[in-house]
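A quick write-up on the structure given underneath.
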Amino acid sequence: MKISSNRFYKQLLKEPLTYVTGAVLLAVLAIAHLAVFSKGWGVTSTFADWGAWVYQLVGGNVDNWAYFSSEKSQKTLAAGFLNDGGSIRNLGIILGALLATLFASEFKLKKIRSGKQVIAAMLGGLLMGYGARLANGCNIGALFTSISSLSLSGWIFWLFLMVGAFIGSKLLAKFFM
């Protein structure tokens, strides 16, 4: 019997989860994270640490940078990548997304259509990363964690996220469709 015809494989790994199942899983994981770590789930702060570690690998020093001047940041940088819970969680997100894509047979390498597409993707990624740091979080930390903590900032973030998605979709349709 092939694994691809197994009912459980199809339900758990091939077919998408329902919105309700996804919401319940996110809620359970967020509660577990809060219970274990005594803080909300976040992603983008860890990327700043990754950048600092790479910069230090090539001989740079971030000790005098305001963002890394706190005692907590200094301990995180000194402890290293594998001792940082945020790094392990982010790796889990990246590997989990890859595995989900592979199990669903949705992984595809696509031909780059133009240099314009590459520039737009790089610019979009940089703007999203910069915006996430300005907002003090991405959709996980600044949106889901804030809203689940009954913070007004999460709802304000949601409002501007919707405005940005609307504008971005119009630009995408105008220039790339």
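Within segment 28-84, the set of residues being under 17 Å from residue 138 (Cβ atoms) and not hydrophobic (A, V, I, L, M, F, W, C) comprises 33, 39, 40, 42, 44, 45, 46, 49, 51, 67. Looking only at segment 124-162, residues that are hydroxyl-bearing (Ser, Thr, Tyr) and assigned to a loop (DSSP other than H, G, I, E, B) come to 2 in all.
Take the residues in segment 160-176 that are under 19 Å from the mean Cα position of the chain (by Cα) and exposed (fewer than 15 other Cβ atoms within 10 Å of the Cβ); name whichever of them is nearest to residue 23 (Cα to Cα). Per the stated criteria, the residue is 162. Tallying residues that are modelled with pLDDT of 85 or more and in a loop (DSSP other than H, G, I, E, B) within segment 9-42 yields 1.
The set of residues in segment 125-140 that are on the phi < 0 side of the Ramachandran plot, in contact (Cβ under 8 Å) with a residue 40 or more places away in the chain and of a type outside the set (A, V, I, L, M) comprises 129, 133, 138.
What number of residues within segment 115-140 are surrounded by 13 or more Cβ atoms within 10 Å (Cβ to Cβ) and under 15 Å from the mean Cα position of the chain (by Cα)? Result for segment 115-140: 12.
Hey, can you tell me all the residues within segment 141-159 that are touching a residue at least 24 places away in the same chain (Cβ under 8 Å) and surrounded by 20 or more Cβ atoms within 10 Å (Cβ to Cβ)? Correct list: 141, 144, 145, 146.
Of all the criteria given as (1) part of a loop (DSSP other than H, G, I, E, B); (2) farther than 26 Å from residue 142 by Cβ, the one not satisfied by residue 4 is (1). Residues that are free of Cβ contacts under 8 Å to residues at least 12 places away in the same chain, over 30 Å from residue 8 (Cβ atoms) and not β-branched (Val, Ile, Thr) number at least 3 in the following helices (runs of 4 or more DSSP H) confined to segment 43-123: 44-57, 71-79.
The values are calculated or read from the model by the stated rules, or taken from the named source; none is laboratory data. The model shown is predicted, which means the values in this text are computed figures rather than measured ones. Cβ sites come from the backbone with ideal geometry, for glycine too, and all protein chains shown count toward neighbours.
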